[in-house]
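Novice: One structure follows; several queries about it will come next.
Values quoted throughout were computed directly from the atomic coordinates according to the rules given, and no laboratory measurement underlies them. Just so it is clear, the model here is predicted, and its values are computed rather than measured. Backbone-built Cβ (ideal geometry, glycine too); neighbour counts: all protein chains shown.
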Amino acid sequence: MKASVFIGTSLDGFIARANGEYDFLPPGGGEPHGYEEFMATVDALVIGRHTFESVLGFDTWPYGEKPVFVLSSRPLGPTPRGAVLERMSGAPADIVSVVGEYVDAAAALGILEVRLIHGRGIGAQRQAVRALLQDHPLVAAFQDAPPERGGWGATVAILKAPDQPSSGTGRS
């Protein structure tokens, strides 16, 4: 079993234009780019409030019955029909602590590979996530995801099996 966390921003800190529009994207997303294949591997999503508010304007809820965790310091509006939502709040710098909790929970469930999608941006989230992984006792190794799974915008971490001793080696 695999799990993913999505934490992504563009260089300017946004995914949409300043006015919230996605008008630079062609209708229907344009040519195939692997999004549907990627979403088929995702069990749950973590999105920001602006993304949440943007997708509320879509004709249908795009995530089906997948659990969606919305990062926001403010209460959310009405839940779309069929959506499974939970609001999480905290400062952006505190999000990295959620990664540690996530690794602990994944290991407890027997998940031995996790993909942490931190985005490319200026590399601040990547650096913070990797610093946490470097010191986490349940992480055996980590590296950039393969290109089809996010490349350097994501980190794949291999977790130690419950009976595997802590070695502190094998990290990249």
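Novice: 5 Å is the cut-off here: which amide hydrogens, built 1.01 Å from N in the peptide plane, fall below it relative to L85, excluding neighbours closer than 5 in sequence?
Specialist: V68
Novice: In terms of the Cα gyration tensor, with a ≥ b ≥ c the square roots of its eigenvalues, is region 105-150 rounded because a/c is under 1.5, prolate because a/b exceeds b/c, or oblate?
Specialist: Numbers: a/c = 2.25, a/b = 1.41, b/c = 1.59.
Oblate shape, in that a/c is at least 1.5 and b/c is the bigger or equal ratio.
Novice: Taking 0.36 nm per residue of sequence separation and subtracting the Cα-Cα distance, how much length would be gained by fully extending the chain between V84 and E113, in nm to one decimal?
Specialist: Length difference between fully extended and current span is 8.0 nm.
Novice: Can you tell me the length gained on complete extension of the stretch D135 to E65, counting 0.36 nm per residue apart and subtracting the Cα distance? Walk me through the numbers on the way to the answer.
Specialist: Working: separation 70, 0.36 × 70 = 25.20 nm, distance 3.46 nm.
Gain on extension, D135 to E65, equals 21.7 nm.
Novice: Mind ranking 44-52, 79-87, 57-65 by how tightly packed they are, going by the mean number of other C-beta atoms within 10 angstrom, highest first? All intermediate terms of the calculation are to be shown ahead of the outcome.
Specialist: Working: 44-52: 18.2, 79-87: 13.1, 57-65: 11.3.
Sorting 44-52, 79-87, 57-65 by mean packing, highest first, produces 44-52, 79-87, 57-65.
Novice: Please compute the length gained on full extension between A124 and A40, using 0.36 nm multiplied by the number of residues separating them and subtracting their Cα-Cα distance. Write out the running numbers ahead of the final one.
Specialist: Values: separation 84, 0.36 × 84 = 30.24 nm, distance 2.79 nm.
This chain segment gains 27.5 nm when fully extended.
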